[in-house]
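First comes the structure, then the notes that go with it.
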2 protein chains.
Amino acid sequence: MKPTLQDVANAVGVSRSTVSNAYCRPDQLSAALRERILDAARQLDYPGPNPTARSLRRGFVGAIGVLFTSQLSYAFTDPFAVRFLAGLSGAAERHGSALLLVPLPDDPARARAAVENAAVDGFCVYCVGNEEWALDAIRRRALPYVTTAAPEEAHPAHRYVGIDERAAARTVAEHVAALGHRRVALLGDTMLPDAPPGPLRLAAPADVPHPTTRGRLAGFADAFAALGVDWSDLTVLNATGNSRAAGAAAVAATLTGDDPPTAVLACSDVLALGVLDTLAEAGPRLARPVSVTGFDDIAEAAAAGLTTVRQPAEEKGRIAAELLLAPPADPAAGHVLLDTALVVRTSTRPA
Amino acid sequence: MKPTLQDVANAVGVSRSTVSNAYCRPDQLSAALRERILDAARQLDYPGPNPTARSLRRGFVGAIGVLFTSQLSYAFTDPFAVRFLAGLSGAAERHGSALLLVPLPDDPARARAAVENAAVDGFCVYCVGNEEWALDAIRRRALPYVTTAAPEEAHPAHRYVGIDERAAARTVAEHVAALGHRRVALLGDTMLPDAPPGPLRLAAPADVPHPTTRGRLAGFADAFAALGVDWSDLTVLNATGNSRAAGAAAVAATLTGDDPPTAVLACSDVLALGVLDTLAEAGPRLARPVSVTGFDDIAEAAAAGLTTVRQPAEEKGRIAAELLLAPPADPAAGHVLLDTALVVRTSTRPA
DNA sequence: GATCCAGACTGAATCGATTCAGAAGGGGGC
DNA sequence: GCCCCCTTCTGAATCGATTCAGTCTGGATC
């Protein structure tokens with residue numbers, strides 16, 4: 001069997017407490033005895049106090065959980081998410097915390113279980129759609145948590161770091177509108193559950209379950225509404241996933257069909273890059289160029305000349321970690337909105 | 001205080017054991033009683049068994065640790081590492097395990113402590129250079145572990161999944177040599193501790209501490225040695241970090257100087273892309289084109305037309321997870337070497 | 001020489017569950 | 001009516017540490 005603290009204590013002939021102190025409170029015993037204890041531990045191949053037992057007794061774990069609603073591997077596939085995680089992990093590291101990436105199954109019951117079984121001191125919930133399940137489970141565990149979007153309904157313990165999605169989206173839409181575009185398509189990921197790729201009948205932005213997408217669509221709509229372009233005049237295109245391929249697939253039929261829109265406003269850079277892929281491929285067959293915008297300003301956006309909205313990804317992650325690990329005394333400070341900036345590149349041109 | 005299992009037991013008037021059974025062994029009690037218990041738990045806001053306590057008693061945690069020798073955020077910055085992690089996390093998810101990303105400080109003592117304090121069932125050690133510290137700490141804890149490179153010295157418990165670095169590197173070097181290149185530079189990351197960026201005096205590949213880089217350099221050298229080009233005839237360039245910028249900086253002086261090499265063989269795609277950046281920038285000032293090769297075949301490599309060696313990143317991650325979570329009975333099966341393929345694109349041309 | 005004190009170490013309670021041998025109760029078979 | 005078995009539930013041991021209120025020892029103080 002693996003040796004325990006007790007075994008070390010027996011070997012040296014001291015009490016368990018003393019061995020424990022040798023590890024985590026050196027001032028509580030003489031240096032000489034401490035040396036003897038550590039020597040004996042080495043002799044016995046004792047690897048130091050068991051982390052689980054320590055966590056149980058101490059009441060904290062030294063890890064924060066990161067929850068993703070979609071497949072865990074999505075976390076690593078989306079460039080914006082990757083940068084967010086980089087910021088989060090850097091800050092966590094500084095606070096001596098590790099990151100527990102928690103797979104969140106689709107099935108609500110199992111998702112709940114995943115939250116309930118995670119040994120962590122708090123949760124960072126990235127990109128939650130309507131996952132009240134998870135939030136509810138977290139609250140019940142009375143753990144601190146932070147989300148990357150403002151909550152549906154305010155909750156005392158709810159901290160978040162986000163951007164004003166709607167206002168940010170409006171700026172890019174206004175830019176497109178100012179270029180004279182009026183026949184415009186809006187592209188988003190999974191705007192209704194199980195919706196197929198391509199044109200989607202959507203009564204209003206408010207019908208979209210995913211809060212981020214909803215906010216961005218609403219912002220797009222605001223800009224055009226201000227110019228008298230009604231929501232019903234806008235084309236809504238659905239992508240089945242936040243990937244380049246899904247973006248490309250979503251717009252293919254519409255862009256190569258009759259009377260295509262003159263601009264496509266995407267809810268993410270990844271989708272927008274997919275649109276550019278489709279345009280590049282369809283190239284000669286197109287009647288006229290189509291303007292495209294993204295959202296996030298990931299690295300690839302610059303290379304592709306994509307007009308987009310920049311949001312500070314790493315900083316978002318860093319602040320999320322800090323909100324969790326060094327919570328502000330003032331509860332109002334638990335709600336952080338970051339600045340965004342419109343980045344105009346070559347993918348948008350006058351209509 | 002947060003309610004415990006005991007509180008639920010008291011509320012219902014049954015024993016602690018029965019409540020425990022209600023959660024994890026439903027067949028051990030009548031359905032009716034179980035319902036009553038779960039109801040009471042809901043009533044009391046009991047969030048279910050405490051994961052830490054459960055882990056302590058059960059003796060396993062449901063998480064595997066991922067160790068990175070460099071900054072944790074590097075994990076998210078290097079595209080190859082990201083794909084590896086995606087594969088790893090997917091497989092872990094399938095086995096019901098979470099991933100604990102463990103920040104590994106530079107200081108050996110603290111690095112050791114990080115390993116000792118991580119509550120995990122096993123470790124995946126990515127990209128370990130000479131971090132015997134960490135491996136030793138893991139072995140002492142008697143936890144299973146898997147590395148992404150063959151170990152220095154065989155150890156019974158050591159499992160790994162890797163590629164034949166040396167042979168793979170040789171194929172790309174042979175390709176370059178076949179194109180007639182003889183004046184060649186080899187580019188790697190941190191080939192000697194604290195080495196400055198740029199040309200490096202290196203007696204032999206064997207002097208490089210990082211095993212992956214060492215293997216690749218040796219493979220490059222093999223190909224040229226077979227043609228009579230001695231190690232001392234090759235230029236060695238050091239990058240201070242595995243990033244595009246570091247790659248660009250490492251080669252800048254050499255490529256724009258007198259008598260530049262006709263080809264640069266990099267130990268990673270990221271570095272190679274940096275070389276391409278430098279070439280693009282220096283463009284007109286160059287006497288003649290320089291061939292460039294990378295290693296890994298990340299997504300950006302295809303877009304950049306980079307000749308490189310492809311290795312199956314996701315599969316590597318997947319196998320690593322499986323080696324940990326479903327260890328093969330036959331210990332020999334704990335050593336997996338994956339196939340690689342030379343991918344020739346436009347970045348290599350005849351000398 | 002009695003008193004006090006600081007330093008070094010110990011004992012026992014505690015963290016929150018799981019597990020397993022066994023007790024109680026009820027029903028079926030003969 | 002007796003025996004046995006099965007289901008349902010309980011009690012107590014256990015996982016491996018941390019913590020805190022003491023105890024003990026030896027030396028300084030007056």
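(1) surrounded by fewer than 21 Cβ atoms within 10 Å (Cβ to Cβ); (2) at pLDDT 95 or above: which one isn't true of A:Ala332, the others all being true?
(2)
How about region A:58-71: which of its residues are at pLDDT below 85 and either crowded, with 24+ Cβ neighbours inside 10 Å or more than 9 Å from chain B (Cβ to nearest Cβ) (or both)?
Selection gives A:Phe68, A:Thr69, A:Ser70.
Considering only residues that are touching a helix residue (DSSP H, G or I) at 6+ places or on another chain (Cβ under 6 Å) and not polar (S, T, N, Q), look in region B:8-25 and name the one that is nearest to DNA strand D (Cβ to nearest atom).
Ranking the qualifying residues of region B:8-25, first place goes to B:Arg16.
Can you list the helices (runs of 4 or more DSSP H) lying wholly within region A:1-48 that have 3 or more residues being within 14 Å of another protein chain (Cβ to nearest Cβ) and more than 13 Å from DNA strand C (Cβ to nearest atom)?
Ranges flagged: A:31-44.
Report whether or not A:Ala177 is farther than 18 Å from A:Gly274 by Cα, touching a residue at least 40 places away in the same chain (Cβ under 8 Å) and assigned by TED's automatic domain parsing to the domain that holds A:Cys267.
It is true that A:Ala177 is farther than 18 Å from A:Gly274 by Cα, touching a residue at least 40 places away in the same chain (Cβ under 8 Å) and assigned by TED's automatic domain parsing to the domain that holds A:Cys267.
Evaluate the following for A:Thr308: is it touching a helix residue (DSSP H, G or I) at 6+ places or on another chain (Cβ under 9 Å), surrounded by 18 or more Cβ atoms within 10 Å (Cβ to Cβ), of a type outside the set (Gly, Ala, Ser) and closer than 24 Å to A:Ala253 by Cα?
For A:Thr308, the condition - touching a helix residue (DSSP H, G or I) at 6+ places or on another chain (Cβ under 9 Å), surrounded by 18 or more Cβ atoms within 10 Å (Cβ to Cβ), of a type outside the set (Gly, Ala, Ser) and closer than 24 Å to A:Ala253 by Cα - is met.
Can you pull out the strands (runs of 3 or more DSSP E) entirely within region B:272-351 that have at least 1 residues that are closer than 23 Å to B:Gly90 by Cα and not hydrophobic (A, V, I, L, M, F, W, C)?
Because the criterion is at least 1 residues that are closer than 23 Å to B:Gly90 by Cα and not hydrophobic (A, V, I, L, M, F, W, C), the strands (runs of 3 or more DSSP E) in region B:272-351 that meet it are B:308-310, B:335-338.
Checking the structure you have, find out if any residue of region B:116-123 is at the interface with chain A (Cβ under 9 Å from one of its Cβ atoms), among the polar types (S, T, N, Q) and part of a helix (DSSP H, G or I).
The answer is yes, given that some residue of region B:116-123 is at the interface with chain A (Cβ under 9 Å from one of its Cβ atoms), among the polar types (S, T, N, Q) and part of a helix (DSSP H, G or I).
Pull up region A:158-182, narrow it to residues that are more than 19 Å from the chain's Cα centre (by Cα) and hydrophobic (A, V, I, L, M, F, W, C), then point me to the one that is nearest to A:Glu315 (Cα to Cα).
A:Ala167
Being of a type in the set (S, T, N, Q), at the interface with chain B (Cβ under 9 Å from one of its Cβ atoms) and within 16 Å of DNA strand C (Cβ to nearest atom) is the requirement here; does A:Ser55 meet it? Explain how you work it out, then say what you get.
Numbers: of a type in the set (S, T, N, Q): yes; at the interface with chain B (Cβ under 9 Å from one of its Cβ atoms): yes; within 16 Å of DNA strand C (Cβ to nearest atom): yes.
When the stated conditions are applied, A:Ser55 passes them.
Hey, can you tell me all the residues within region B:49-65 that are of a type in the set (A, V, I, L, M, F, W, C), within 13 Å of DNA strand D (Cβ to nearest atom) and outside any loop (DSSP other than H, G, I, E, B)?
Result: B:Ala53, B:Leu56.
For region B:1-43, which residues satisfy the criterion of being surrounded by 16 or more Cβ atoms within 10 Å (Cβ to Cβ) and in contact (Cβ under 8 Å) with a residue 40 or more places away in the chain?
The answer is B:Pro3, B:Thr4, B:Leu5.
Answer yes or no: is there a residue in region A:92-114 that is surrounded by fewer than 18 Cβ atoms within 10 Å (Cβ to Cβ) and closer than 20 Å to A:Val8 by Cα.
No: zero hits.
So which of B:Val344, B:Val270 is assigned by TED's automatic domain parsing to the domain that holds B:His175 and either crowded, with 24+ Cβ neighbours inside 10 Å or over 23 Å from the mean Cα position of the chain (by Cα) (or both)? Before the answer, list the steps.
Details: B:Val344 fails: assigned by TED's automatic domain parsing to the domain that holds B:His175.
After ruling out the rest, the residue left standing is B:Val270.
Any residue at all in region A:300-311 that's under 19 Å from A:Gly215 (Cβ atoms) and either among the charged types (D, E, K, R) or over 24 Å from the mean Cα position of the chain (by Cα) (or both)?
There is at least one residue in region A:300-311 that is under 19 Å from A:Gly215 (Cβ atoms) and either among the charged types (D, E, K, R) or over 24 Å from the mean Cα position of the chain (by Cα) (or both).
Output the residues belonging to region B:58-71 that are more than 20 Å from A:Ser55 (Cα to Cα) and either near DNA strand C (Cβ under 8 Å from one of its atoms) or of a type in the set (D, E, K, R) (or both).
none
Name the residues in region A:79-95 that are more than 14 Å from the chain's Cα centre (by Cα) and more than 8 Å from every other protein chain (Cβ to nearest Cβ), would you? Steps first, answer last, please.
Within region A:79-95, the subset more than 14 Å from the chain's Cα centre (by Cα) is A:90-95.
Residues satisfying the conditions are A:Ala91, A:Arg94, A:His95.
Quickly run through region A:121-170 and pick out the residues that are among the acidic types (Asp, Glu), farther than 19 Å from A:Val208 by Cβ and modelled with pLDDT of 95 or more.
At the first step, the residues of region A:121-170 found to be among the acidic types (Asp, Glu) are A:121, A:131-132, A:136, A:152-153, A:164-165.
Still in the running and farther than 19 Å from A:Val208 by Cβ: A:121, A:136.
If the condition is that a residue be among the acidic types (Asp, Glu), farther than 19 Å from A:Val208 by Cβ and modelled with pLDDT of 95 or more, then A:Asp121 is the only one that fits.
The values are calculated or read from the model by the stated rules, or taken from the named source; none is laboratory data. These figures come from a predicted structure and were not determined experimentally. Note that we place each Cβ from the backbone using ideal geometry, even for glycine, and neighbour counts take in every protein chain shown.
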